[in-house]
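Note sheet for the following structure.
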Protein chains: 2
Amino acid sequence: MTTDPADLPGDDFSLDDVRREGLLPARGAESAPHDGTGRVELAFTIEDADGAPAAQRSVRVPPGVTVFDSASWNGIAIDSTCGGHGTCHKCKVRIDGPTPTSKHDVRTFTRQQLDDGWRLACLVQATRDLAVDVPPLTTRPKAATVGVGRQVILRPAVQKRYVELDEPSLADQRPDLPRLLGAIDDLAPTADLHVLRRLPTVLRAADFKVTAVIVDEDLIDVEPGDTTGQRYAIAFDLGTTTVVATLMDVGTGTPVAVASMLNKQQPFGGDVITRISATMMDPEALPRLQQAAADTLAQLATQVCREGGVDPEHVYEVAVAGNATMTALVLGIDPEPLGVAPFIMSSAQPPTVLASDLGLTLHPRARAMFFPALGAYVGGDIVAGMLATGMDRDKRTRLFIDVGTNCEIVVSNGDRILATAAPAGPAFEGGAIRCGMRAADGAIEVIRLTDTVDLTVIGEVEPKGLCGSGLVDAVAELVRVGLLDSSGRFIPDEQAPDVAPKLADRLTMIGQERVFVLHRPHPDAEPEDCVVLSQRDVRELQFAKAAISTGWTLLLEELGLEHRDVQQVLMAGSFGSYISPASAVRIGLVPKLPVLRIVSAGNVAGEGAKMALLSIRERAGADALLREVTYVELSDRTDFNDRFVDQLGFHG
Amino acid sequence: MTTDPADLPGDDFSLDDVRREGLLPARGAESAPHDGTGRVELAFTIEDADGAPAAQRSVRVPPGVTVFDSASWNGIAIDSTCGGHGTCHKCKVRIDGPTPTSKHDVRTFTRQQLDDGWRLACLVQATRDLAVDVPPLTTRPKAATVGVGRQVILRPAVQKRYVELDEPSLADQRPDLPRLLGAIDDLAPTADLHVLRRLPTVLRAADFKVTAVIVDEDLIDVEPGDTTGQRYAIAFDLGTTTVVATLMDVGTGTPVAVASMLNKQQPFGGDVITRISATMMDPEALPRLQQAAADTLAQLATQVCREGGVDPEHVYEVAVAGNATMTALVLGIDPEPLGVAPFIMSSAQPPTVLASDLGLTLHPRARAMFFPALGAYVGGDIVAGMLATGMDRDKRTRLFIDVGTNCEIVVSNGDRILATAAPAGPAFEGGAIRCGMRAADGAIEVIRLTDTVDLTVIGEVEPKGLCGSGLVDAVAELVRVGLLDSSGRFIPDEQAPDVAPKLADRLTMIGQERVFVLHRPHPDAEPEDCVVLSQRDVRELQFAKAAISTGWTLLLEELGLEHRDVQQVLMAGSFGSYISPASAVRIGLVPKLPVLRIVSAGNVAGEGAKMALLSIRERAGADALLREVTYVELSDRTDFNDRFVDQLGFHG
């Protein structure tokens, strides 16, 4: 019952469609389509203005992602103004080893440069490990490329204006504030008490030559001299498990530093429900959870500022993309109504607060903006993700899946957009899985079954367990080779040698449960001491993927669509981005489509947060999504359970 | 050179004009015009709902003020909806002893009631000491009478709405905030973090029956159950010397309690310049001055809440009327640029802040609004005063004088409004006066020279010194009897027995300086141990009144007006309100007009603050004054000094 994605019906969708999205090279790039499995490593060397290596960064991405996106998602700035469409010819990098050449490369570079490895980063798909030299930024762009091939015209909420004012006299007694604002002709902000307290002193100490700092409609500070070059903000992806911070230079649209860490709320439970439960059991839990989130954000902010060499006082705004529960907890809002039917938020649009309200020590009046939420289980992180993927600005039929304990699903037919949430359980995060672990050193992240078991292990150390993408690979490969039948049951021991002679001896028992040994630390190791996939693990994954596929099946039906109508599947989130497209297709997590239509979209919540910091227009777009997207509640659908059972198996 | 105001030329102005203002009884009240001197005491007995006496309050006002205004300015609530124009017939009080009867009284009361002393409070001028019974409030008015006869339609910024919401369900998953706001059809406030933190808990604890608390555009709280009856705010007159707080029930427009105390900034100096200087000498002075102001406001807030029996958590807004320096200090803004040429404010319109920013422990999100200022020396207190006196809504030519160390002067011809400031020095506040003191127990506040010296002393105790109104009376009376000549010099000893035979022996010397003994503690007391008026005191007062009269003379000229064109003079401020009109005319502090045109306007800054709390429309009117009023800077006028010298003498 193995299924080769290349054999799938419905491949009536041309590569040109993908190219239009900018996620694949334009014609002429001639790179071979990848098979959607495994992981590639890109070793970036960032050069200084003299061309000398200034920094090294290695990143791992699913094959097929462009070099430009791989860099961008990891906070490495490459010149670009066109949004990765191969038209601005600015994203020049030098790649070690033979690399396909596009017609745009030929127009951009000399013969010698091409021989030296120069290519446009947006046109090179990473299908193998690459070493990439990144020249220093040469332009002060008016636009930046973020999200999934989204080009954003820079219009950040954080604005600075340097002014040299006339000094007051008896003939010109204008107060300080109108004197300052009168010199700024394109903005009319209001001043708060903080800035009025500083204004008289700073103006006179700086001989009336000052820089006004404006966030949105508010004048938040006046700084002596010209500080227009220091204009920073931090984008936070506030995940239940992992929190990612990107320090952005909003004046240039470039990321300065990226850092991530586990959410310090972990001791209260691995998922949102256990954390909500904690607040219901113990009145002290809410302030402690709030503090844990604040500590996480503060530690990351300190880290990115230190790594970027940026004074935290020059960070004037943060954007936070988090699910409804994470948002409530970091704001100190009781999450209990989110956790019990009928699942009610306090507000779809959290208020703009001060960064200091979140425990952050940045500029004292720095603002914190949150993304609005569609529902208790389709939160601000998903809205940010929709923004980053342009779900509302693409005429194609697209399916967006954020895979995690709670899985959010969005479908757009280019006209209507539907969203829902599916309770996938903790399988993808390593929870309830016998040898499950998070995607950390020692986790098996890629599995390929041949005559033996080929493992890719994070950190290239002794395998210790199985992370979400490894779990999906394991099940997909066992289904492919036939050791798991279509119902998800290990085949009887006596049939195994015929089906997979070299692997059959790995099928064994721990107690009453059948397991498949993925890694044996030494030849005589007992099964209990091995990294295994158990029958119960397979069941956990089946339930998770059934919940998810039931979700998108019902949404597609709601729009009158077939699976094959889906032109692109975006797999998002810190788990979804790392599941190999081929395995996702094979186990039925996503519709059975050619792997080229399955795109790893990266940390789209964080990308959306960056976009909101770079453009108030994009931010308004996030608010508009609240009106454009219809939330579909599945928990009261009478047909949900029937569909769920249909989706449990592994059908070819 | 004595001048009887009744003999003055230019009395072509009829009483009807005064009546229209509502400051004098309508025709028919038949009370005798007062002579503009002295003080009267009104003993109010406030009755409870059963008609039993619930509280006693005695107040002292210049004669001629109506019973209604005397009560209102002192925080005693009397029913009224018409603004004291004798038309609503609601302000019923019972007055002990014979009182003139107006035609409105005859229409309102039975013969028996009139015999029992019932009168309409707005039509009775207090020309003698009165005992007044005030019945409990019977109506929940839509308007209140505040300021100088201003009727304010109630539309406070503080609003409450009691709602009973549908409970959420899977079919109605609206978040808490839109659920609440959807039930309020006439307001669309925004919510801040504080209210979002409370919303989920309060809604569910109160079975979705709650009261929304809205200030301006902001939802600041949601309270369990129906609390619409508790809606309070505090009006502060933040004076350099004295601070007055009035706790207002903004739902009914009635004052609940009034308290006043000395500004705790006094140890830093008696006037604004010494306090600004303190901040220039010592960097610690600004925070200490800020704290002193905060402590003053906080102590008064506690006092009025306790006296009014009001939970401070139910106080949702405060309005602060203060001069530019007091405003800067309480907000912690460096006042130095206000104190040195060219006298620059940080902002004409201070920002709205939280009451907690001022150190007040009221509702945690209570707002504090400040009045805008016209200039460094025509501050928010004067704008509040202009609002309270309706300077921009009266077609008459009026002169408004707030007498103090810094004297503010406003002239309106019913079309244009001009304002200026005159540095009067500390004479009116008792400073630089040999026996000067503040208007506290033991201060001589009224002086009349006959064959002897008749003194009215605050607290009816042994005289200890001379307050501002006593100083003006002393000089005016000595000019009237001829012991001071028109240049302000005591006449020679040898002439005194002829001019004032019974008083001549009071003219004596302390050292080289001539003094007039006002009070001798015992027959053998040395002049040094007496309360005296010295030659230097007279000079101080001359300088002060010359500065002031130069100010209004120049403003009148600017508008092409003569003194006699002025139809009403409003004497305002804690000093100005207590100077007797006749004495003010006699020394030339105000234009030489019939005393009936000189009106004691009370604490108009505090009244303006009350108006701002009761009506957002009036508040907008205060902002409009910034555009309507032209500030005239006198310090660079070349003709100022010549005029000043002209004004020094006491001319008939």
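Below, the figures for the structure above:
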{"item": "FRET efficiency, B:Gln266 to A:His522 (Cβ-Cβ, R0 60 Å, nearest 0.05)", "result": "0.10"}
{"item": "Exam field: A:Arg111 pseudo-label spacings to other copies (7 Å along Cα-Cβ), nanometres", "result": "12.8"}
{"item": "Teacher prompt: B:Ala624 distances to equivalent labels in other copies, 7 Å Cα→Cβ, nm", "result": "3.9"}
{"item": "Cα→Cβ-extended label distance, 7 Å offset, between A:Ser487 and A:Lys142, nm", "result": "6.5"}
{"item": "Shortest-first nm distances, B:Asp498 label point to equivalent points in other copies (7 Å, Cα→Cβ)", "result": "15.0"}
{"item": "Sorted by Cβ density within 10 Å, fewest first, the residues B:Glu633, B:Glu540", "result": "B:Glu633, B:Glu540"}
{"item": "Net charge over other residues, Cβ less than 11 angstrom from the Cβ of A:Glu408 (K, R count +1; D, E count -1)", "result": "-2"}
{"item": "Shielding of B:629-640 by partner chains, average beta-carbon count, 10 Å", "result": "1"}
{"item": "Prolate/oblate/rounded call for segment A:46-145, Cα gyration tensor, a/c under 1.5 rounded", "result": "rounded"}
{"item": "Cα-based shape type of segment B:282-403, given that a ≥ b ≥ c are square roots of the gyration tensor eigenvalues and the cut on a/c is 1.5", "result": "oblate"}
{"item": "Size of electric dipole in segment B:392-502: Cβ of Lys, Arg +1 and of Asp, Glu -1, about Cα centre, debye, nearest 20", "result": "440"}
{"item": "Extreme residue, positive dipole direction of segment A:55-211, given options A:Leu180, A:Val61, A:Thr190 (C-beta unit charges)", "result": "A:Val61"}
{"item": "Average beta carbon contacts from partner chains per residue of B:337-345, 10 Å cutoff", "result": "5"}
{"item": "Degrees between helix B:193-205 axis and first principal axis of chain B (Cα, 0 to 90, nearest 10)", "result": "50"}
{"item": "Using alpha-carbon coordinates, inclination of helix A:535-558 to the longest axis of chain A, degrees", "result": "60"}
{"item": "Estimated 222 nm signal from helices in chain B, with DSSP H stretches of n ≥ 4 weighted -39500 (n - 2.57), rounded to 500", "result": "-8000 deg cm²/dmol"}
{"item": "For the protein assembly as shown, with +1 on Lys and Arg beta carbons and -1 on Asp and Glu, the positive-most of A:Gly459, B:Ala419, A:Leu533 along the dipole", "result": "B:Ala419"}
{"item": "Calculated FRET efficiency for the pair A:Arg155/A:Asp394, C-beta based, R₀ 22 Å, to 0.05", "result": "0.50"}
{"item": "Three-way shape call for segment B:555-649 based on the alpha-carbon gyration tensor, with the a/c threshold at 1.5", "result": "oblate"}
{"item": "Lysine-lysine proximity count for chain B, Cα under 16 Å, sequence distance 8 or more or distinct chains", "result": "7"}
{"item": "For chain A: relative contact order, % (alpha-carbon pairs under 8 angstrom, 6 or more apart)", "result": "14"}
{"item": "Dipole moment magnitude, nearest 20 debye, segment A:266-396 about Cα centre, only Lys, Arg, Asp, Glu C-beta charged", "result": "360"}
{"item": "Within chain B: Cβ-based charge dipole about Cα centre, in debye rounded to nearest 20 (Lys, Arg +1; Asp, Glu -1)", "result": "1040"}
{"item": "Antiparallel %, DSSP beta bridges [both residues in the protein assembly as shown], to 5", "result": "70"}
{"item": "Which of A:Thr361, A:Thr296 has the fewest Cβ neighbours within 10 Å, and the rest in rising order", "result": "A:Thr361, A:Thr296"}
{"item": "Cα-based helix-to-principal-axis angle, B:616-628 vs chain B, degrees rounded to 10", "result": "50"}
{"item": "³J(HN,Hα) computed for each position of segment B:257-267 - Karplus, 6.51 cos²θ - 1.76 cosθ + 1.60, integer Hz, glycine/proline x", "result": "7, 10, 8, 9, 7, 5, 4, 5, 7, 3, x"}
{"item": "Share, in percent, of DSSP beta bridges within chain B that are antiparallel, nearest 5", "result": "70"}
{"item": "Order of B:Lys103, B:Lys92 - criterion: other Cβ atoms within 10 Å of each residue's Cβ, fewest first", "result": "B:Lys103, B:Lys92"}
{"item": "For chain A, with +1 on Lys and Arg beta carbons and -1 on Asp and Glu, the positive-most of A:Val481, A:Leu554, A:Thr201 along the dipole", "result": "A:Thr201"}
{"item": "Coil-residue GluC sites (Glu not before Pro) of segment B:481-533, DSSP, other Cβ within 10 Å capped at 10", "result": "B:Glu494"}
{"item": "Per-pair calculated FRET efficiency, R0 = 35 Å: A:Glu460 and A:Arg536 via Cβ, rounded to 0.05", "result": "0.75"}
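No value in this document is a laboratory result; all are computed from the given coordinates. None of the values given here were measured: they were computed from a predicted structure. All Cβ positions, even for glycine, are placed from backbone atoms using ideal geometry, and neighbour counts span all protein chains on display.
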